[in-house]
1. How many residues does the range B:265-302 hold that are assigned to a helix (DSSP H, G or I) and in contact (Cβ under 8 Å) with a residue 12 or more places away in the chain?
2. Looking for whichever is of a type in the set (Val, Ile, Thr), crowded, with 23+ Cβ neighbours inside 10 Å, assigned to a helix (DSSP H, G or I) and touching a Ser or Thr at 6+ places or on another chain (Cβ under 8 Å) here; the options are B:Val128, B:Val117. Which one fits?
3. Suppose the filter is assigned to a helix (DSSP H, G or I), surrounded by 21 or more Cβ atoms within 10 Å (Cβ to Cβ) and modelled with pLDDT under 90; does B:Met77 pass it?
4. Looking at (1) of a type outside the set (D, E, K, R); (2) under 28 Å from B:Ile176 (Cα atoms); (3) outside any loop (DSSP other than H, G, I, E, B); (4) modelled with pLDDT under 80, can you tell me which one B:Leu389 breaks?
5. Consider B:Gly285 carefully, then state whether it is surrounded by fewer than 21 Cβ atoms within 10 Å (Cβ to Cβ) and modelled with pLDDT of 85 or more.
6. Return yes when B:Ala475 is in contact with an Asp or Glu (Cβ under 6 Å, 6 or more places away or on another chain), small (Gly, Ala, Ser) and over 30 Å from B:Phe147 (Cα atoms) and no when it is not.
7. Is it the case that A:Leu89 is more than 22 Å from B:Gly222 (Cα to Cα), more than 9 Å from every other protein chain (Cβ to nearest Cβ) and among the aliphatic types (A, V, I, L, M)?
Amino acid sequence: MGSFRHPGVGFLPFGLCIVLILFSLALIVSRWKKGTSVPFWSRRTWLRPLLGVVLLGLYALVIETLGFPLTTLAFLLVWMGVIERIHWLKMISVSLGVTLVLYLIFGVFLEVPVPMGFFKG
Amino acid sequence: MSDILGMFQGLFSGFGIALTLTNLSFALLGALLGTVVGILPGLGPSATIALLLPLSFKIGSPVTSIIMMAGIFYGAMYGGSTTSILVNIPGEAASVVTCIDGYQMALKGRAGPALGVAAIGSFIAGTVGIIGLTFIAPPLAEFAIQFGPPEYFALTLLGLMMATLLAGTSILKGLIMVVLGLLLGAVGLDPISGEVRFTWGLLMLQEGVDFVTLAMGLFGIGEILYNLERELSAELVTNKVSHLWPTLNDWAESKWAIVRGSLIGFFIGILPGGGAVISSLVSYGIEKKVSKHPEEFGKGAIQGVAGPESANNSAASASFIPLLTLGIPGNAAIAMIFAALLIQGVQPGPFLISERPDVFWGVVASMYVGNAMLLILNLPLVGIWVQLLRVPYAILAPVIVLFCCIGVYSIRNTVFDIWVMGVFGVIGYLFRKVNLEPGPLILAFVMGPILERALRQALLISAGSPLIFFKRPIAGSLMGFLLLFLLIQIIVTLRKKWRVRSTLSGA
C-alpha cells in the first residue's frame with residue numbers, strides 16, 4: 001500500500017474505499033432521517049426487466065454451442081413473444097428479418113467471427 | 001498566443017480532409033444516426049456511441065470514426081427536440097425543457113414553427129460553438145503544454161468535482177458514483193508498478209474492466225431494462241407538420257433567445273461537467289427571467305423552444321474543447337469519444353493539435369459540414385423522421401440488446417464479456433431505480449488512471465509533500481478555484497437548509 005510519502009499500489013484504492021464507506025453511511029443516515037419509503041417495485045414491474053436479464057443470460061450461455069443465427073432467432077422470438085406479446089405473424093417475420101440483417105452487418109460486412117454452430121462450413 | 005494565420009491554414013487543410021468522399025459519408029451517417037437516436041426516446045447519444053465503439057476498430061482511420069461519433073452527438077441535439085415537441089416525451093436528456101413550451105405550441109397547431117425554430121436555432125448555435133472551438137482550442141492547448149503532474153491532478157479533480165456537483169440532483173449520490181468509477185478504473189494492472197489489483201485471480205480481469213463493456217452495460221442494457229418497466233408508447237399530436245419556416249414575427253421573438261442560448265451553451269459547454277443538459281436548463285431559466293411576458297412560458301412561448309435548443313447545440317460543440325486540448329472529457333458522451341480516440345491510438349491532450357493536426361482539424365471542419373447537413377435533414381425532411389416514432393419499442397429493445405451482445409463479443413471474441421456486460425446492465429438498471437446518475441461514474445472511470453498517475457507522480461516529485469499542489473502557480477490557482485467552488489456549494493446548501501428550518505418554525 002505504501003505511505004503518503006511513498007504511495008504504493010493500494011494507496012488510492014484504499015483511500016477511495018474509506019471515502020466510499022463514509023459517503024454511503026452519510027446517504028443512509030440522510031435517507032433514514034427523511035423516513036419516507038416508496039416501494040421499490042410497484043406491483044409486478046420487476047417481471048419484465050427480470051425476463052430480459054434471464055434471456056440475455058441464456059443467450060450468452062448457448063450462443064457458442066447453438067451458433068449465432070439460431071440463438072439470435074430464438075432470442076428475438078422469445079423476447080417479442082413472452083415479454084412483449086405482439087402478433088405472431090409480425091413476430092416471426094420481424095425476427096427472421098432482423099436475424100438476417102444482423103448476420104449481414106456483423107458476420108459478412110464487419111467480418112466478426114461469430115460462432116456459427118450447426119451452420120458451420 | 002498562436003497565430004491566427006496558422007489556425008486558418010489548419011482549418012483549410014481540415015476541410016481538405018473532411019470533404020473526402022469517405023469522411024463526408026461517415027459525417028452524413030453520423031448525422032443520420034444522431035437524428036434517429038435523438039428522436040427515439042429511450043436511446044441517447046451516449047448509449048449509441050458506446051454501441052458503435054466496437055465498430056471503430058473496423059473503421060481504421062481515427063479521423064473518420066471520430067467524425068462519425070461527433071456527428072451522432074450533435075445530431076442527437078437536433079433530433080431530440082422533434083419528440084419533445086410532437087410527443088411530449090424528451091427524445092434525449094438535453095431536450096427535457098423543450099417539452100414544456102414545444103408541446104404546448106404543437107397543441108395549438110404551431111408544431112411547424114416550433115420544429116423550424118428549433119432546427120434553425122440549433123444550426124446557428126452549433127456553428128457559433130464550432131467557431132469558438134476553432135479559435136479557442138489551439139491557444140488553450142499551447143497553454144496546457146506546460147502542465148505537469150500536479151497541474152493535471154488539480155485539473156482532473158476540479159473536472160470530476162464540477163461534473164458531479166453540476167450534473168446531479170444529489171451531491172452525495174454524485175460523489176458516490178465518482179468513487180465507484182475510480183475504483184472500477186483501478187481494476188487490473190497498476191499504471192506505475194505493474195502489479196495486479198482487484199482481479200480475484202481472474203485472468204480476464206487483468207487488462208482491467210473494458211470501457212466498451214462497461215459503457216454498453218450501464219448505458220445500453222441498463223436503459224433497456226429500465227424502459228421495460230414502463231410502456232413507452234408515442235402518441236403524435238399531429239401527423240401533418242406545415243409552416244416550418246418561422247414567420248417574421250416568430251423570428252423577431254426568438255432571435256435574441258437564439259443568441260443568448262448560443263453564448264450560454266458555449267460557456268457552460270466548455271466547463272468540465274457542463275454540457276448540453278445543464279445548458280438547456282439554464283437557458284430556459286434565463287429566457288423566462290428576461291422575457292417581458294414570463295406568464296406565457298409553459299403555454300407555448302417560442303423563446304422557450306429557441307433558447308434551450310440553441311444552448312444544447314452550442315454546448316455540444318463547445319464540450320469538444322476540454323477533450324481535444326486538455327484530454328479531459330466533460331460529460332458521458334464525450335467520455336465515449338475519448339475512449340474511441342484511445343482505441344485508435346490517439347492520445348487526447350495538449351499535444352493532439354500539434355501531433356495529429358489531421359484528427360483535430362479534420363473533425364472540426366467536419367462539424368461545420370455536419371451542421372449544414374443536419375439543417376437540411378431536420379427542416380425539409382422532418383416528416384420522414386417523425387414516422388420513426390411508429391417503430392414499437394417491442395421491436396427496438398431486443399435489437400439493441402443483440403447489438404450490444406455481438407458488439408461486446410466482437411472485441412475479444414469471448415462470451416465472458418457478454419456476462420460482464422449483463423452484470424453491468426443489471427447494475428445500471430438498479431442505479432436508475434434509485435436515481436443514481438451513471439454519467440459521473442463513467443467520467444471517473446475514464447479519468448481515474450489520469451488522476452492516479454498524476455497524483456502519484458506529483459508526490460514522487462515532491463517527496464511526499466502535498467504542498468506541491470498549492471505552491472505551483474497554475475496548480476495552486478486550480479486548487480484554489482476548487483476550494484472556492486466547494487465552499488460556495490456548502491454555503492448554498494446550508495442556507496437552503498436554514499431557510500427551510502426558519503419557514504418551518506415560522507409556520
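1. Of the residues in that region, 19 qualify.
2. When all the criteria are applied, what remains is B:Val117.
3. Judged against the criteria, B:Met77 is a match.
4. The number of the failed condition is (2).
5. Against the criterion (surrounded by fewer than 21 Cβ atoms within 10 Å (Cβ to Cβ) and modelled with pLDDT of 85 or more), B:Gly285 qualifies.
6. Taking the combined requirement at face value, the residue does not satisfy it.
7. For A:Leu89, the condition - more than 22 Å from B:Gly222 (Cα to Cα), more than 9 Å from every other protein chain (Cβ to nearest Cβ) and among the aliphatic types (A, V, I, L, M) - is met.
Residue-wise test of (1) closer than 21 Å to B:Leu377 by Cα; (2) under 14 Å from the mean Cα position of the chain (by Cα); (3) part of a loop (DSSP other than H, G, I, E, B).
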residue	(1), (2), (3)
B:Ala50	no, yes, no
B:Lys58	no, no, no
B:Ser81	yes, no, no
B:Pro90	yes, no, yes
B:Ala94	yes, yes, no
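The values are calculated or read from the model by the stated rules, or taken from the named source; none is laboratory data. Remember, it's a predicted structure, so these values are computed and weren't measured experimentally. Every residue, glycine among them, receives a Cβ derived from its backbone with ideal geometry; neighbour counts consider all protein chains shown.
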